[in-house]
Amino acid sequence: MSTKDLVSIIVPTFREAKNIPVLTERIHEAMKAARIAYEIIVVDDNSQDGIAEAVDALRKKFPISIKVRLTERGLSSAVIEGFRLAKGTVFAVMDADLSHPPEKIPELVAPIMGGSAEFVVGSRFVPGGSAEHFNWFRRLNAWVSKTLARPFTTVRDPMAGFFAFPKSILPDLTLLNPLGFKIGLEVIVKGNPRTTMEIPIQFKERLYGESKLSIKEQVNYLRHIIRLFEYKYESLAEMIKFGFVGGTGTVVNMAFVFLSYDILSISYRIAVAIGFLVSATSNFILNRTFTFPKSRQLHSAVQYALFIVVGGAGFAVNWFIAVYLYENNPFFHEHYLLATFLGILGGMTINFTGSKLLVFRKGTTSA
Ligand code: GDD
Ligand code: MN
């Protein structure tokens, strides 16, 4: 990329009319001094606070445009809409409230234009960066949020709404989930930049208006993190859920043995079989809906039968490993619980891989 690149600066807004003129002028000064071509794209969610008129007036002097959305709402989906409208090869995103210093945009986009980074964040948490006015609640909140984002990136301020990246890392914008509240993190996970960089910024309290950060957004953030985890670490996420379902199965199994044997006075032999069948069924239902929700390849009756077969195979493997070790190895003869454990591990591996690749397989039906 070269200095001839057009930088599209995307600014999501909700009730920010008062901030737009100052923001535009400061962006213009910064970009002019750095000799970088730019366009500003405001995506407003029908604030009706005079922002459309304000942008109209600014348009005479600056390369700015506005898209007012009437039906859709939300920060991330507004930013994604901005990506769609953008004509540049470099995308930058920032808040309208002057929390993010426009003077830093040239520094933010330079590594991208120079090809030394594919994602640059204006960061509060690197030396030189700050967020002085943050109270303890927002501090704690920021710490928890960034810790949860650790599995996805080494960036220390992945929550930042001030970042830039080359259009080329996201050829398919439909990959972006508009429900993802932290759009920067969403871009990191879906765009998978080869190199990231952080530029220190001093985060300022907003100029006018009030923050939209609420408890609801915190809950949404948690859901977002879980979705990103499932996207990036699909098998691991499935394994964790499969294990969790297995845990519930054990409880169900024991509850039904107790119910059958103790309360209904059915013979223990039958009670154990009932416990197994009921828990295998509840495991099946949970795995079908919760662990592998996208698997609708086979008819559910076929899936159920296969699940029981895989469970049987898992048990057989469990039994053979444990018994083989116990009978052929003096060490395991003595440490028979270790042999038992290794058997369980082997059985679980069969259960999981069989469930994933056979019972709940994805993709097109094979002939
Ligand atoms: N179009 C649109 N729709 N814009 C929105 C919406 C919405 O539903 N909600 C918020 N915005 C705009 C605001 O007008 C502002 O320009 C920007 O998104 C950020 O919103 P703020 O309300 O100022 O967020 P904040 O100050 O609490 O959060 C900032 O700091 C966080 C880190 O602590 C933002 O920069 C976040 O992106 C950042 O993660
Ligand atoms: Mn703000």
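The values are calculated or read from the model by the stated rules, or taken from the named source; none is laboratory data. All values reported here derive from a predicted model rather than from experimental measurement. All Cβ positions, even for glycine, are placed from backbone atoms using ideal geometry, and neighbour counts span all protein chains on display. The area values use the complete protein model at the heavy-atom level, side chains included, leaving out ligands, DNA and RNA. Shrake-Rupley method; radii C 1.70, N 1.55, O 1.52, S 1.80 Å.
The mean sequence distance of close C-alpha pairs (under 8 Å, at least 6 residues apart), as a share of the length of segment 302-367, puts its relative contact order at 42 percent.
How far is helix 336-354 tilted, in degrees, relative to the longest principal axis of the Cα atoms in the chain, given as a value from 0 to 90 rounded to the nearest 10? Around 60 degrees separate the two axes. When the surface is traced with a 1.4 Å probe over the full set of protein chains, GLU53 keeps roughly 120 Å² accessible.
With charges only on Cβ, +1 for K and R and -1 for D and E, what is the dipole size of segment 235-359 about its Cα centre, in debye, rounded to 20?
Computed about the Cα centre, the dipole is about 540 debye.
Within the straight-line cut-off of under 16 Å between alpha carbons, the lysines reachable from LYS67 are LYS87, sequence neighbours fewer than 8 places apart in one chain being disregarded. In plain terms, the chain is cut at each of the chymotrypsin sites (Phe, Trp or Tyr not before Pro) found in a DSSP loop with at most 16 other Cβ atoms within 10 Å, and the longest leftover piece is 234-367. Multiplying the residue separation of ILE240 and ILE308 by 0.36 nm and subtracting their alpha-carbon distance yields 22.4 nm.
Model label points for ILE344 and ARG223, set 7 angstrom from Cα along the Cα-to-Cβ axis, are 3.5 nm apart.
Site pair LEU277 and ALA37 shows an inter-label distance of 7.4 nm when each label is modelled 7 Å from Cα along Cα→Cβ. Computed over segment 72-179, relative contact order equals 43 percent, with contacts defined as Cα pairs under 8 Å that lie 6+ residues apart.
Considering all projection directions equally, how large on average is the shadow of the alpha-carbon convex hull of the chain, in square nanometres? Can you show the working numbers first?
Working: hull surface 107.0 nm².
Seen from a random direction, the Cα hull of the chain projects 26.8 nm² on average.
Taking 19 Å as the cut-off, the amide N atoms of segment 224-254 that come nearer than this to a point 7 Å along the Cα-to-beta-carbon line of TYR268 belong to 253-254. In plain terms, the chain from ARG206 to ARG69 could stretch by 47.0 nm, reckoned as 0.36 nm per residue minus the Cα-Cα distance. Our summary gives the chain a relative contact order of 14 percent, counting only alpha carbon pairs under 8 angstrom and 6 or more residues apart.
Accessible surface area normalised per residue over the chain is 54 Å², counting heavy atoms of protein chains with a 1.4 Å rolling probe. Distance between Cα centroids, segment 260-294 to segment 1-60: provide it in whole Å. Value for the Cα centre distance between the two parts: 61 Å.
Model label sites at PHE258 and TYR233, defined 7 Å from Cα along the beta-carbon direction, differ in position by 3.3 nm. Just to confirm the number: angle between the C-alpha axis of helix 20-34 and the first principal axis of the chain, 0 to 90 degrees, nearest 10? Once rounded, one gets 80 degrees.
Subtract the Cα-Cα distance of LEU337 and LYS294 from 0.36 nm times their separation in residues, and report this length gain in nm to one decimal. If you can, show how the numbers build up before the last one.
Details: separation 43, 0.36 × 43 = 15.48 nm, distance 3.74 nm.
Taking LEU337 through LYS294 to full extension adds about 11.7 nm, to one decimal.
By accessible area of protein heavy atoms, probe 1.4 Å, what ranking do MET31, MET348, MET197 get, highest first? Don't skip to the answer; put the middle values down first.
Numbers: MET31 0, MET348 105, MET197 65 Å².
Listed by decreasing accessible area, they come as MET348, MET197, MET31.
Looking only at the chain, where both bridge partners belong to it, what percent of the DSSP beta bridges are antiparallel (to the nearest 5)? Display every interim value, and only then the final one.
On the way: 6 of 29 bridges.
Among the beta bridges of the chain, antiparallel pairing accounts for roughly 20 percent.
Using the Cβ-Cβ distance between ARG84 and LEU140 with R0 = 41 Å, the FRET efficiency computed as 1/(1 + (r/R0)^6) comes to roughly 0.70. Computed about its Cα centre, the charge dipole of the chain is approximately 460 debye, with only Lys, Arg, Asp and Glu carrying charge at their Cβ.
In whole percent, and with a 1.4 Å probe on the protein chains, what portion of the accessible area of the chain is carbon and sulfur?
Details: 12530 of 19670 Å².
The computed percentage sits at 64.
On the full set of protein chains, 1.4 Å probe, figure out the accessible area of ARG227 and give it in Å² to the nearest 10. The accessible area of ARG227 comes to roughly 70 Å². By the rule of a C-alpha distance below 15 Å, with chain neighbours fewer than 8 residues away ignored, the aspartates and glutamates paired with LYS232 are GLU186.
Determine the order of LYS190, LYS4, LYS294 by accessible area, beginning with the largest, at a probe radius of 1.4 Å.
Output order, biggest surface exposure first: LYS4, LYS294, LYS190.
Using the alpha-carbon atoms, what tilt in degrees (0 to 90, nearest 10) does helix 75-85 show relative to the longest principal axis of the chain? The angle comes out at about 60 degrees.
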